[in-house]
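Structure first, then comments.
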Amino acid sequence: MKKITAEITGVQGYVPNYILNNKELETMVETNDEWIRSRTGIKERRILKGEGKGTSVLGIEAVRGLLKKINIDAQEVDLIICATATPDMIFPSTACIIADKVGATNAFAYDLMAACSGFLYAISTASKFIETGTYKKVIVVGADKMSSIVDYQDRATCIIFGDGAGAVMLEQSKEGLGLQDAILKSDGSGSEFLHMKAGGSAKPASYATVDAREHHVWQDGQTVFKSAVTSMADVSEEIMKRNSLSPEDVAWLVPHQANQRIIDATAKRMGVGKEKVMINIEKYGNTTNGTIPLCLWEWENQLKKGDNLILAAFGGGFTWGSIYLKWAYDSNK
Ligand code: UT7
């Protein structure tokens with residue numbers, strides 16, 4: 001019997017309207033457009049404004065748009081997994097809030113936390129429910145309102161992040177398309193280099209933690225950078241090798257958008273030319289779980305059925321990984 005595979009049957013992204021460009025950041029911290037562009041590749045990022053608006057607002061827009069686009073009733077959805085590092089609240093899960101607001105009343109829903117690698121972890125997890133025949137329609141949404149945890153007094157982090165979301169539908173493939181292989185890794189010893197110091201159970205919020213600005217992303221940028229360059233390139237090379245893929249076989253590299261230089265290093269190691277790399281970091285910065293689905297959404301019209309895609313990410317944890325998938329449809333339909 002032919003193995004059931006899980007294919008992506010639709011993708012939709014959402015970014016908020018407000019554009020925070022490098023010029024505006026120059027008025028907030030001591031930085032400049034030239035430094036930001038040359039060190040990261042970022043020109044602007046989107047910010048979700050408005051009292052009481054959390055990550056679910058971004059996720060709801062992406063999921064609603066997805067269901068409309070592929071003409072699927074919300075009640076047909078079996079499961080929604082939301083990959084996020086910035087849930088609306090510690091509990092309930094943001095996925096539950098999204099499911100409720102889009103009317104997915106028959107779905108169960110949960111969040112998955114793997115920082116910037118969350119979208120990869122989530123589609124790998126979701127694909128198992130499809131491959132085993134347990135469920136037929138699973139939505140994975142990667143969403144983050146990074147502006148809610150960014151310290152706009154810290155020039156080493158505030159220039160990098162932005163807000164955004166993307167969602168994909170996973171369904172059974174009759175032709176063996178979709179997810180082919182995944183290499184997912186984690187190393188908790190990296191947690192000291194990239195974390196949020198307070199607000200979790202180890203150090204609950206207090207006046208002191210607020211005064212010390214401990215409810216923000218903190219990172220040792222250079223250490224994270226070095227680990228990201230090596231790890232993302234390693235797994236991407238490994239997944240190509242073990243699936244006997246040459247650079248010519250790869251139609252697209254879909255990298256997490258953390259830093260243009262990390263992306264370039266990964267593409268170089270894979271032997272894949274720039275024209276095959278999805279890059280939108282200049283417009284959105286690092287939207288954490290939103291980066292990869294936002295790329296798929298923006299490049300959807302250029303994707304062809306059978307295209308070999310390599311997805312790759314690195315982030316807090318440390319977590320990292322690479323996924324090989326065959327695109328399942330001609331997108332300019
Ligand atoms: O997806 C989550 C995972 N995170 C990442 O992947 C981020 C990985 N790290 C990076 O992308 C880079 O390390 C950064 C973009 C964060 C920083 O770039 P860098 O080339 O590693 O800079 P650096 O930290 O080595 O700093 C170089 C200099 C320093 O000045 P001195 O000591 O040489 O005088 C910094 O103080 O640049 C200074 N600097 C800045 N200057 C202008 C740091 N941030 C800024 C800034 N504007 N925003």
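Worth a mention:
- Gyration tensor (alpha-carbon) shape descriptor, the range 5-176, a/c threshold 1.5: prolate
- Overall shape: prolate for the range 142-301, with the ratio a/c of the largest to smallest alpha carbon gyration tensor axis at 1.5 or above and a/b above b/c.
- With the cut-off at under 12 Å, measuring from each backbone N in the range 39-60 to a point 7 Å along the Cα-to-Cβ line of Y18 picks out 46-54.
- Gyration tensor verdict on the range 138-220 (Cα atoms; rounded if a/c is under 1.5, prolate if a/b is larger than b/c, oblate otherwise): prolate
- Annotation for K226 and Q153: the two label points, set 7 Å from Cα along the Cα-Cβ direction, are 3.0 nm apart.
- Among E24, E7, the ranking by other beta carbons within 10 Å of each residue's beta carbon, starting with the fewest, stands as E24, E7.
- Least to most buried among W297, W218 (fewest other Cβ within 10 Å first): W218, W297
- Relative to one another, the C-alpha centroids of the range 117-132 and the range 17-68 are positioned 27 Å apart.
- Here the range 5-176 is assigned +1 on the Cβ of each Lys and Arg and -1 on the Cβ of each Asp and Glu. Its dipole about the Cα centre then comes out at about 260 debye.
- Estimated dipole of the chain in Debye, rounded to 20 [Cβ of Lys and Arg +1, of Asp and Glu -1, Cα centre]: 520
- Summarising the label geometry, the points placed 7 Å from Cα in the beta-carbon direction at K128 and T209 lie 3.0 nm from one another.
- Modelled spin labels at N106 and E30, positioned 7 Å past Cα toward Cβ, are 6.0 nm from each other.
- Protection proxy ranking for 181-194, 81-94, using the average of other Cβ atoms within 10 Å per residue and placing the highest first: 81-94, 181-194.
- For N280, distant residues with modelled amide H under 5 Å away: none
- Residue-span extension gain [D264 to E238] - 0.36 nm each, minus C-alpha spacing: 7.7 nm
- Of G285, G199, G164, the residue with the greatest mean-square motion in the GNM of the chain, using alpha carbon springs below 10 Å, is G199.
Bear in mind that the values in this text are calculations on the coordinates, not laboratory data. Keep in mind it's a predicted model, so treat the numbers as computed, not measured. Note: ideal-geometry Cβ built from the backbone for every residue, glycine included; neighbour counts use all protein chains shown.
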